[in-house]
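Working notes, beginning with the structure itself.
The values are calculated or read from the model by the stated rules, or taken from the named source; none is laboratory data. All of these numbers come straight from a predicted model, not from anything done at the bench. Quick reminder, even Gly has a Cβ in these numbers, built from the backbone with ideal geometry, and neighbours come from all protein chains shown.
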Amino acid sequence: MVDHDMLAHVLLPVATVNDAAATASALAPYEPEHVTVLHVIEKGDGSPDKTPVEQSEEIAEEAAAAVRAEFPDADLHTAYSRNVVDAIFESADEVNASAIAYRSRGGSRLVQFLSGDLSVKLVTRADRPVIALPRDADDEPADG
C-alpha cells in the first residue's frame, strides 16, 4: 500500500530531457498529487562551469517540459550548487516536498564508486522519504 501523504508533493530531480521523460514515466503509476521538477546546475567555485549557465537553464526548461507531458501542473525548481545531493536536500526543504523520487542513473559499479554513488547518499542522508523508482531492463543510462 502506498502512503499517499508521502506522495502529496514529490521532488523529482532530473539531469537531462531523456532522464526527465523516463523518470516521469516511472513515477506516473504512483499518482503523486503534485510534482516539482528539480534541475541542479553544477557551479564550480572559481572553476569553469561544466556547461554555460544559459545552456543549463535551457536544459532545465526542456526537462520540465518533458515531465509536464505526464504531470501538466509540475513546477520547475532550479538549484545552483557544487554538491548535487546537498542541492536536492535544500530544494526539498525550499519547496516543502513530502518525498524525493529518483531513478538511478545506472552505470558500472566503478562509475558509481567514482561518482560517490549519489543514490547511497540520497537514501542514507535524507530527512524525508526517498523513493527509488524502477528502471526498465532495457533502460539506457540517462545521458542526453
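Would you call ASP19 in contact with a strand residue (DSSP E or B) (Cβ under 8 Å, 6 or more places away or on another chain), at pLDDT below 95, surrounded by 13 or more Cβ atoms within 10 Å (Cβ to Cβ) and assigned to a loop (DSSP other than H, G, I, E, B)? For ASP19, the condition - in contact with a strand residue (DSSP E or B) (Cβ under 8 Å, 6 or more places away or on another chain), at pLDDT below 95, surrounded by 13 or more Cβ atoms within 10 Å (Cβ to Cβ) and assigned to a loop (DSSP other than H, G, I, E, B) - is not met. Would you please name the residue that is surrounded by the most Cβ atoms within 10 Å (Cβ to Cβ), looking only at residues in region 103-117 that are on the phi < 0 side of the Ramachandran plot and either within 14 Å of the chain's Cα centre (by Cα) or modelled with pLDDT of 95 or more (or both)? The selected residue is ARG103. Can you name the residue in region 66-81 that is touching a helix residue (DSSP H, G or I) at 6+ places or on another chain (Cβ under 6 Å) and not in a helix (DSSP H, G or I) and is also modelled with the lowest pLDDT among such residues? For region 66-81, the residue satisfying everything is SER81. Candidates in region 42-65 are the residues that are at pLDDT 95 or above and over 13 Å from the mean Cα position of the chain (by Cα); of these, the one that is nearest to VAL10 (Cα to Cα) is ALA65. Summed over region 79-102, residues that are more than 20 Å from ALA132 (Cβ to Cβ) and crowded, with 17+ Cβ neighbours inside 10 Å total 1.
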